[in-house]
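Beneath this line is the structure, given in structure tokens, with notes to follow.
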Amino acid sequence: GLVWRGCSAAECDAEDGAAGALADGNSNPGDKLEGSDAAPDDPVHLKRRVGLFSGVALIVGTMIGSGIFVSPSGLLERTGSVGISFIIWMACGLLSLLGALAYAELGTMNTSSGAEYAYFMDAFGGPPAFLFSWVSTLVLKPSQMAIICLSFAKYAVEPFVSECEPPHSLVKLVAVISIVMILAVNCYSVNLATNVQNIFTAAKLVAIAIIVGGGAYKLALGNTRHLQEPNFASSTATLGNIATAFYTGLWAYDGWNNLNYVTEEIKNPSKNLPLSIIIGIPLVTLCYALVNVSYLAVMSVSEMADSEAVAVTFGNRLLGPLAWLMPLAVTISTFGSANGTLFVAGRLCFAASREGHLLDILSYVHVRRFTPAPGLIFHSLIAVAMVLYGTIDSLIDFFSFTAWIFYGGAMLALIVMRRTKPHAPRPYKVPIIIPYVVLVVSTYLVVAPIVDKPQWEYLYATAFIFAGLLVYIPFVKWGYSLPFMDKITVFLQMVLEVVPTSTTFE
Ligand code: ARG
């Protein structure tokens, strides 16, 4: 009870801070006018208000989302063994921790809110930085949104279709509806979006607490036999299978680098950034370990692997008349995560187009609500397309493959900058072995699935990344623009009632 509530309350602050940082960093006037004492034409000021506690809460709140409620089954299916999947869960936690520590050096060295974008710019120059913003706005952020909303829909539909598998079209329809609702919240007001975020974060902590408490109760009654079950399938663990099992597990940990988007707001960052990471990520790892054990305290390994919505199965077995609590808590939790993800996505899109790296219209804000509506709508459209054409598992693979190319790239950036900028101030310096390890692992994660089981999707994803150059060279480097683009921009401005902001708030 109390501890969790304390956490979520602190997260309110942290998330507010995050919102402020992202918005202020991009000079979004809306947040200033609505939010605070700052006069609208003040130069950008960021208050350092994220302390150690809020830093930890921010990490924990971003990382825990849909993954722990959807990934355990898939991971078990992919490895065919309780032991191996447990090891993978823990290894994912360790990898996220090491990756985040390297990000702590990058984030304290370059505190710009563009995170990866800024590090690539420093280490490799314009084109790789552009490719990052290209991929993150067109693929990474929308696919995160699509995965979380599909998980939301799975849990929202499950209680009404008892026992049989819910129809796919219904799940997709509900997922699309949730995207539209989240879009509406984020277009309506910045404050509403951050409030939704704070309130809904508490729900996921409650869900985790119920699961861990229930599992502990069952174990105390001596219900440990599923934990001792031998491998239930002939172990199918090839190198490629292990890599894709990692994709599934790492999805649940994604968001470990989110503190890097608010480094400017952290109090005493050289101490608090690494410390929040060292406390926050192991805490999430511990939660995930306990939740996995709890699932197995209540259902058998094959039941868990077959379950469409493992937390619902858990609730049905254990909570009796209160079983409805589980799907409710999970839908609220996933809705909150999707909301937070779109919130950040809108800001990223906004930042990239302000650099001249995306269409101008995407950086405009609504005249009265000050929300970056065009960027949000654009993201949501892509997310809807992904929901319609993808499945949770395929999207997770697609997302993780692409994301780890860039996480690996950030490690390379760190290593390169140790050589090219040896004297730049590094308030926090990570042991150099760590980025090397993460770089090797991320290379394995990206290459192994392709070698093991070549799939067109990986080729498409890679081709898409490089297709960004076809846009970069003519439109960014040479500065061409399409002749009819102005007319479209004006048209959309009138329809959406949005205006550019860069001139007044530079
Ligand atoms: N780990 C989260 C989950 O399990 C997903 C986080 C998405 N990433 C992000 N940066 N918002 O659902």
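The values are calculated or read from the model by the stated rules, or taken from the named source; none is laboratory data. Quick caveat: nothing in here was measured; it's all calculated off a predicted structure. Note that each Cβ is placed from the backbone with ideal geometry, even for glycine, and that neighbours are counted across all protein chains shown.
The residues in region 162-199 that are within 20 Å of Phe314 (Cβ to Cβ) and at pLDDT below 80 can be counted, and the count is 5. Candidates in region 53-78 are the residues that are small (Gly, Ala, Ser) and surrounded by fewer than 24 Cβ atoms within 10 Å (Cβ to Cβ); of these, the one that is farthest from the ligand (Cβ to nearest atom) is Ser73. For region 380-399, the tally of residues that are in contact with a helix residue (DSSP H, G or I) (Cβ under 6 Å, 6 or more places away or on another chain) and under 22 Å from Phe343 (Cβ atoms) stands at 10.
Quick check on Tyr188: is it of a type outside the set (Gly, Ala, Ser), within 14 Å of the ligand (Cβ to nearest atom), in contact (Cβ under 8 Å) with a residue 24 or more places away in the chain and farther than 30 Å from Tyr460 by Cα? No; evaluated as a whole, the condition is false for this residue. Among the residues in region 152-162, are any of a type in the set (S, T, N, Q), within 20 Å of the chain's Cα centre (by Cα) and more than 21 Å from Ile415 (Cα to Cα)? The answer is no, given that none of the residues of region 152-162 is of a type in the set (S, T, N, Q), within 20 Å of the chain's Cα centre (by Cα) and more than 21 Å from Ile415 (Cα to Cα). In region 47-74, the residues that are farther than 25 Å from Leu273 by Cβ reach residues that are within 16 Å of the ligand (Cβ to nearest atom) and part of a loop (DSSP other than H, G, I, E, B) with C-beta atoms within less than 8 angstrom, at least six apart or across chains, in these pairs: Phe69/Ala309; Val70/Ala309. Ala297 falls short of the stated requirement of being buried (at least 23 other Cβ atoms within 10 Å of the Cβ), at pLDDT 85 or above, closer than 21 Å to Lys154 by Cα and not basic (Lys, Arg). Of all the criteria given as (1) surrounded by 12 or more Cβ atoms within 10 Å (Cβ to Cβ); (2) at pLDDT 90 or above, the one not satisfied by Arg419 is (1).
Does Val157 meet the test of being among the hydrophobic types (A, V, I, L, M, F, W, C), in contact with a Pro (Cβ under 7 Å, 6 or more places away or on another chain) and away from the ligand (no atom under 14 Å from the Cβ)? Yes: the conditions hold for Val157.
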